[in-house]
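The values are calculated or read from the model by the stated rules, or taken from the named source; none is laboratory data. Note that this is a predicted model, so its numbers are computed, not measured. Methodologically, a virtual Cβ is constructed for each residue, glycine included, from the backbone with ideal geometry; neighbour enumeration extends over all protein chains shown. Quick note on the areas: whole protein, heavy atoms, side chains included, nothing else; ligands and nucleic acids left out. Shrake-Rupley method; radii C 1.70, N 1.55, O 1.52, S 1.80 Å.
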Amino acid sequence: MVDATPAAFAANSPSRYWYEGAAEQFADFGLDVLLGGGRQYFDGEARKDGRDLLGELCADADCVGTAEELAAYSPDDRPLVGFFSADDMDELEQRPVGVPAMVEAALARLQRDPDGFVAVFESEATDNAGHDNVSLERATADILEFDRAVGVALDFARRTPGTLVIATADHETGGFSLAEMEQDFELAYTTGGHTAALVPLFAEGPLAEQFAGIRDNDEIGRLLMEIVQGW
Ligand SMILES: [Zn+2]
């Protein structure tokens, strides 16, 4: 939860690695939904300052900790908080809860807000897969899981007019491309790091046209802020 992409929406920090500080800002922000991994940064027994952010958050929220509890969740006006692992949830087979299930539960809670909402969903798995140059099969499974999560959001948007859905990546990882080998072309990784390759940027719903064309990645956040402020 407190990794760079989600943290940028609820915390402000000189370093992306100050996870405990970001967790504190998450707890103080008053978020309606908080679902994912990274429990150790909220746990008073694991935090350096001993502050029990978990206890604070759960004092006035529906708190879940397993896939079964999330599936049984029925939304009310209290925040929904779910920590499913102490650290990242990046291994698809070992992930206690899938991204689509978290998107589903989050939207069920957030649609109760008559003023609307902003929700951010991140899959870290595809980035880690690129760093590790995993098999094509593994990489595809991670991408398909993210695709199913986008599907849940699009289903919601199509029955909830006025919803803007944006799906994108902050960068490509692994330099995965059709590379020239000795006699042939093959799908291959060309690095274990991030690349400057163009990434997809999809948008559907009101103002989607503002996301058309080729854009610098920092423009997306600015556009989002303008849209939310003018909504
Ligand atoms: Zn990365």
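Computed values, structure above
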| read-out | value |
| --- | --- |
| Count of residues meeting criterion [of a type outside the set (D, E, K, R) and more than 16 Å from the ligand (Cβ to nearest atom)] in region 116-141 | 10 |
| Checklist (1) open to solvent by 40 Å² or more (accessible area, probe 1.4 Å); (2) within 20 Å of E145 (Cβ to Cβ); (3) not aromatic (F, W, Y) applied to A167, failing item | (1) |
| Residue in region 154-161 that is within 16 Å of the ligand (Cβ to nearest atom), within 30 Å of T195 (Cα to Cα) and either in a helix (DSSP H, G or I) or touching a Gly at 6+ places or on another chain (Cβ under 9 Å) (or both) present | no |
| Leading residue by the ranking (farthest from the ligand (Cβ to nearest atom)) among those in region 176-202 that are farther than 28 Å from D216 by Cβ and not in a strand (DSSP E or B) | Q183 |
| Output for region 97-134, where each listed residue is more than 16 Å from P6 (Cα to Cα) and either of a type in the set (D, E) or open to solvent by 60 Å² or more (accessible area, probe 1.4 Å) (or both) | E104, Q111, R112, D113, P114, D115, H131, D132, N133 |
| Residue count, region 77-95 (criterion: of a type outside the set (D, E), modelled with pLDDT under 95 and open to solvent by 60 Å² or more (accessible area, probe 1.4 Å)) | 1 |
| Flag if S74 is within 16 Å of the ligand (Cβ to nearest atom), of a type in the set (S, T, N, Q) and either modelled with pLDDT of 95 or more or part of a loop (DSSP other than H, G, I, E, B) (or both) | no |
| Hey, G175 small (G, A, S) and surrounded by fewer than 13 Cβ atoms within 10 Å (Cβ to Cβ) or not | no |
| Selection from region 2-17 of residues that are among the hydrophobic types (A, V, I, L, M, F, W, C), part of a loop (DSSP other than H, G, I, E, B) and free of Cβ contacts under 8 Å to residues at least 40 places away in the same chain | V2, A10, A11 |
